[in-house]
1. Just one of (i) 0.99; (ii) 1.40; (iii) 1.13 is Rg/Rh (Cα atoms, Kirkwood Rh) as worked out from the coordinates here. Which one is it?
2. Quick check: residue separation of residue 19 and residue 3 times 0.36 nm, minus the Cα distance between them. What number comes out in nm?
3. With the chain treated as a Gaussian network of Cα nodes joined by springs under 10 Å, which of 17, 49, 63 yields the largest mean-square fluctuation?
4. Using Cα springs under 10 Å in a Gaussian network model of the chain, which residue among 38, 47, 29 shows the largest mean-square fluctuation?
5. Between residue 65 and residue 41, what FRET efficiency follows from the Cβ-Cβ distance if R0 is 30 Å, with the result rounded to 0.05?
6. Using a Gaussian network model on the chain with a 10 Å cutoff between Cα atoms, which of 64, 19, 34 fluctuates the most?
7. With a cut-off of 8 Å between alpha carbons and a minimum separation of six or more residues, what is the relative contact order of the chain in percent?
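Computed from the coordinates by the stated procedures, all read-outs in this text should not be read as laboratory data. This is a predicted model, so every value here is computed, not measured. Neighbour counts run over all protein chains shown; Cβ positions are idealised from the backbone, glycine included.
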């Protein structure tokens, strides 16, 4: 049986598998190690800037109007 799994090394001597294995206790297996590059998580500001949104200058002042179509404040 050949199967590819992901695991996390604990920094000492153990690998924690991401999935359960259907093997009998004390089964001898061959392990080949290949590191996997995990992409860095984007922070909120980077995601917002990447969205490259374009809209009216008063978005923050008239959010309700733009989201729900509510009438704007008559004091404007």
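1. It is the value labelled (ii).
2. Gain on stretching residue 19 to residue 3: 4.6 nm.
3. 63
4. In this elastic network of the chain, the residue with the biggest mean-square fluctuation among 38, 47, 29 is 29.
5. Taking R0 as 30 Å, the efficiency between residue 65 and residue 41 is 0.35.
6. 64
7. Values: 22 pairs, mean separation 9.2, N = 76.
Relative contact order, the chain: 12 percent.
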